[in-house]
Amino acid sequence: MSLLAVGVSHQTAPVALLEQFAMGADDRVKALHELVGSDHVSEALVLATCNRIEVFAEVDRFHGGVTDVGRVLARQAGASVEELSPYVTVHYEDQAVEHLFTVAAGLDSMVVGETQVLGQLRAAYALAREEGTVGRALHPVVQRALRVGKRVHSETGIDKAGASLVSVALDRAEARIGDLTGRPVLVVGAGSMGALAATTLARRGADVVISSRTETSAERLAETVGGRTAPLDRMAEELAAADVLLTCTGATGLVVGTDVVATAMAGRGDRPLVVVDLALPRDVDPGVAALPGVHVVDLALLQGDRGDGSGPVAADDINSARAMIEAETALLRAERRAAEVGPTVSALRSQAAEVVDAELLRLAGRLPDLDARARGEIARTVRRVVDKLLHEPTVRVKELAASPGGTDYAGALRALFGLGIDADVTPGAGRLADAVTVDPDRPGGAA
């Protein structure tokens with residue numbers, strides 16, 4: 001069994017395509033069970049955020065696993081596997097582990113160093129556990145990823161320097177209308193992203209108004225940030241007074257129509273309105289951007305403006321984080337390989353015991369008059385000889401398996417002693433189960 005990571009993210013796909021992958025809670029549950037119900041996937045976790053959807057799975061075949069995961073992703077996006085192929089990335093084994101650690105640390109985010117993805121990974125893991133789609137293979141990998149992400153943020157400067165997507169979007173808003181202190185801001189959505197947005201706005205001194213389909217959630221969040229609530233059916237009235245609209249709901253359709261914003265703008269005179277849409281799929285009708293006096297900041301704009309994505313994070317902090325990820329990946333690799341050797345060593349000892357038993361039975365048949373004492377001494381001697389012969393090789397193979405180098409010592413042991421070989425076809429050049437093709441310029445990736 002091997003770890004496989006397949007997905008699309010802001011690194012390879014436009015926001016318009018990412019919107020097609022938007023998943024609600026029911027969609028995620030359906031995808032998890034569809035994945036583990038396929039031919040080659042035994043465990044699965046789905047990480048779906050505003051700028052990525054990735055599946056981390058334990059598979060018994062590389063090509064078969066890519067095919068199974070690719071079909072689920074294609075169904076979710078309403079596209080064919082071939083249409084998605086240019087945007088899909090694939091990571092396998094150690095590279096999949098390193099990629100998961102990198103994502104958890106915030107190094108693969110649109111804004112490098114942001115912390116929200118760590119919570120999103122924790123939530124994805126909790127859902128997979130609740131649905132029973134993670135087991136002995138994925139549990140230690142994901143738990144290690146969560147620890148690595150926490151370590152990176154606590155032991156490097158990334159946690160201080162890394163801005164969230166919300167902060168970057170609000171920086172864009174301030175660049176347009178000035179400091180937000182004392183300015184009325186309408187936040188639509190009281191989920192995790194809405195809470196992050198409201199908290200960030202409160203720290204910047206804005207007068208926060210919360211509007212949500214769930215009144216109790218809105219009231220709770222407003223009380224936390226020192227703001228007030230407003231019903232959704234009064235959006236036009238609230239927008240007429242607001243300087244910024246920030247929306248980030250989990251709705252699958254448009255929440256803010258062009259007509260609502262146009263009505264709000266009619267009585268504002270020359271006062272501009274900044275609309276920040278951080279939802280995926282988008283909450284705000286694209287036609288809003290054409291209205292006079294309205295400036296829209298959305299994920300597509302942030303994606304195109306991110307540059308290298310590093311923002312204010314110092315190169316030394318990024319290098320320290322990557323070194324930590326590399327070390328943790330090597331440590332987990334050693335632990336996994338040592339664990340993989342264990343069953344092979346047990347199989348070898350069991351085979352040796354069977355051979356000894358068979359030979360002792362054969363001896364008893366050839367020498368029926370041998371007394372019980374002599375028979376017992378012979379048996380003990382033969383078993384001691386076999387144990388001594390096997391001791392050094394089995395100890396060494398465990399040590400070698402835990403060392404770097406990538407050699408499959410367990411496989412070599414199975415081949416040498418005929419313990420039953422179940423070889424897989426590992427990634428190579430050419431098509432990957434008609435889903436993606438290996439990109440030689442992207443280590444561990446595919447396009």
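The values are calculated or read from the model by the stated rules, or taken from the named source; none is laboratory data. Note that the structure is predicted; figures quoted are calculated from it, not measured. Don't worry about glycine lacking a Cβ; one is built from the backbone with ideal geometry, like all the others, and counts go over all protein chains shown.
Given (1) crowded, with 24+ Cβ neighbours inside 10 Å; (2) touching a Pro at 6+ places or on another chain (Cβ under 7 Å), where does Ala145 come up short, assuming only one miss? That leaves (2) as the condition not met.
Screening the candidates Glu54, Glu82 for the property of being under 15 Å from the mean Cα position of the chain (by Cα) and assigned by TED's automatic domain parsing to the domain that holds Asp108 yields one hit, Glu54. Highlighted here are the helices (runs of 4 or more DSSP H) found entirely within segment 225-310 that include at least 1 residues which are free of Cβ contacts under 8 Å to residues at least 60 places away in the same chain and more than 24 Å from the chain's Cα centre (by Cα): 235-241, 258-266.
The residue that is surrounded by the most Cβ atoms within 10 Å (Cβ to Cβ), among those in segment 102-142 that are over 12 Å from the mean Cα position of the chain (by Cα) and basic (Lys, Arg), is Arg129. Among the residues of segment 4-37, the one identified as under 23 Å from Arg336 (Cβ atoms) and surrounded by fewer than 24 Cβ atoms within 10 Å (Cβ to Cβ) is Val36. For segment 170-179, the criterion of being within 13 Å of the chain's Cα centre (by Cα), on the phi < 0 side of the Ramachandran plot, among the charged types (D, E, K, R) and not in a helix (DSSP H, G or I) is satisfied by no residue at all. A single member of Ala412, Ala358, Ala372, Ala402 is modelled with pLDDT of 80 or more and surrounded by 11 or more Cβ atoms within 10 Å (Cβ to Cβ), and it is Ala412. Here Ser80 does not qualify as more than 19 Å from Pro281 (Cβ to Cβ), touching a residue at least 24 places away in the same chain (Cβ under 8 Å) and hydroxyl-bearing (Ser, Thr, Tyr). The residues in segment 204-224 that are part of a strand (DSSP E or B) and not hydrophobic (A, V, I, L, M, F, W, C) can be counted, and the count is 2. Looking only at segment 154-169, residues that are part of a helix (DSSP H, G or I) and either at pLDDT 95 or above or closer than 16 Å to Thr200 by Cβ (or both) come to 8 in all.
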